[in-house]
Amino acid sequence: MIRLVGVVGCGLMGAGIVEIVARSGYEIVAHELNADLLQRGLKRVEGSMQRAVERKKLDDAARQAARSRIRGTTTLADLAGVDLAIEAVIEKMDEKKAVFRELDRLVAPGVILASNTSSLSITEIAAATGRPDRVVGMHFFNPVPVMPLVEIVRGLTTSEETVQAAQAFAESLGKKIVICKDSPGFIVNRLLVPYLLDAVRALELGVATKEDIDTAITLGLSHPMGPLTLLDFVGLDTTYYIAEAMYSEFKDPRWAPPPLLKQMVMAGWWGRKSGRGFYEYT
Ligand code: 3HC
């Protein structure tokens with residue numbers, strides 16, 4: 001039975017996961033690397049719950065109850081007693097493996113360790129632990145409280161019992177699930193990322209202005225956001241790391257991050273999270 005959930009990483013995705021898990025009645029311990037990042041993550045959770053209250057998706061008492069279930073920490077050992085751990089750190093294999101090695105040492109045997117990775121191999125992450133059958137992908141979508149989907153990713157070594165437990169947990173958060181094998185990008189990013197990269201290439205080639213590329217897709221295809229706005233929303237850094245991971249797996253140039261994307265990431269123009277991407281945000 002899951003009562004206490006640990007979330008490692010309280011960035012854009014981690015904060016969203018903390019919010020939805022707390023709103024669904026679970027106790028949470030949320031980990032970040034330092035006090036500043038932790039505070040920013042918890043502020044993000046509070047801001048989003050405030051918006052949910054304003055939009056009448058959450059009442060004030062439920063907001064307060066959810067907030068009281070969240071405890072922040074900068075000490076990973078504070079996750080020792082969790083019944084489920086979800087990792088949402090930067091999309092880099094070495095960093096994910098380091099977190100999983102530590103979690104494996106800290107939490108009780110049998111506890112499921114889930115990764116919110118959007119592109120990296122669950123099997124490879126699982127191999128860093130002594131419980132590869134208990135490691136699974138749980139890929140949420142941004143904004144986590146709003147997007148109804150979770151991709152459950154079955155690594156080569158993930159047991160059926162673990163997949164079923166991850167599915168039941170995601171459903172208890174009110175999410176719909178799809179199950180996918182451990183293939184780079186899973187379902188959504190396999191289709192989404194080449195499209196986003198092509199939008200950057202179209203801008204690089206001068207096919208149209210950024211505004212017209214976005215307008216073409218919102219009005220021509222009824223997407224809620226055009227691709228460049230969506231890149232700003234997801235994070236150019238995250239998309240760049242996903243593209244790098246997929247390129248290194250497939251060696252297919254369609255996955256290679258276009259130079260403009262790389263330059264923007266190097267310049268710190270990561271999108272909404274940094275105040276500037278293809279557009280500027282205050
Ligand atoms: N909690 C609960 N509900 C909330 C909320 C919160 N914190 N914040 C907003 N909402 C609700 C609103 O009440 C509204 O609900 P309604 O339609 O029933 O009235 C709905 O969410 C939409 O909110 P807004 O009206 O404020 O905003 P918009 O209509 O402008 O929509 C958006 C915002 C949902 C972000 C929309 O633009 C959208 O769907 N964009 C695309 C997002 C997307 O594609 N995400 C996936 C990215 S890929 C990814 O994450 C994977 C990664 O690995 C790369």
Among what's in the range 192-206 and is among the aliphatic types (A, V, I, L, M) and away from the ligand (no atom under 16 Å from the Cβ), pick the residue that is farthest from the chain's Cα centre (by Cα).
205
Selected residue [at pLDDT 95 or above, within 13 Å of the ligand (Cβ to nearest atom), surrounded by fewer than 20 Cβ atoms within 10 Å (Cβ to Cβ) and not assigned by TED's automatic domain parsing to the domain that holds residue 23] from 209, 218
218
What are the residue pairs meeting all of these: first residue in the range 37-62, first residue assigned to a loop (DSSP other than H, G, I, E, B), second residue among the small types (Gly, Ala, Ser), Cβ atoms under 6 Å, and 6 or more apart or on different chains?
58/52
Just to be sure before I move on: is residue 89 closer than 21 Å to residue 158 by Cβ, within 16 Å of the ligand (Cβ to nearest atom), in contact (Cβ under 8 Å) with a residue 24 or more places away in the chain and in contact with a Gly (Cβ under 6 Å, 6 or more places away or on another chain) in the structure I sent?
yes
Taking the criterion of being modelled with pLDDT of 95 or more and touching a strand residue (DSSP E or B) at 6+ places or on another chain (Cβ under 8 Å), would at least one residue in the range 198-206 satisfy it?
no
On the given criteria, is residue 68 of a type outside the set (Phe, Trp, Tyr) and in contact with an Asp or Glu (Cβ under 7 Å, 6 or more places away or on another chain)?
no
The condition of being part of a helix (DSSP H, G or I) and crowded, with 20+ Cβ neighbours inside 10 Å holds, among 150, 200, only for 200
Kindly establish whether residue 56 is outside the structural domain of residue 249 (by TED's automatic domain parsing) and on the phi > 0 side of the Ramachandran plot.
yes
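The values are calculated or read from the model by the stated rules, or taken from the named source; none is laboratory data. Computed from a prediction, not measured in an experiment: that's the story for all the values here. Glycine also receives a Cβ, built like all others from the backbone with ideal geometry; neighbour counts cover every protein chain displayed.
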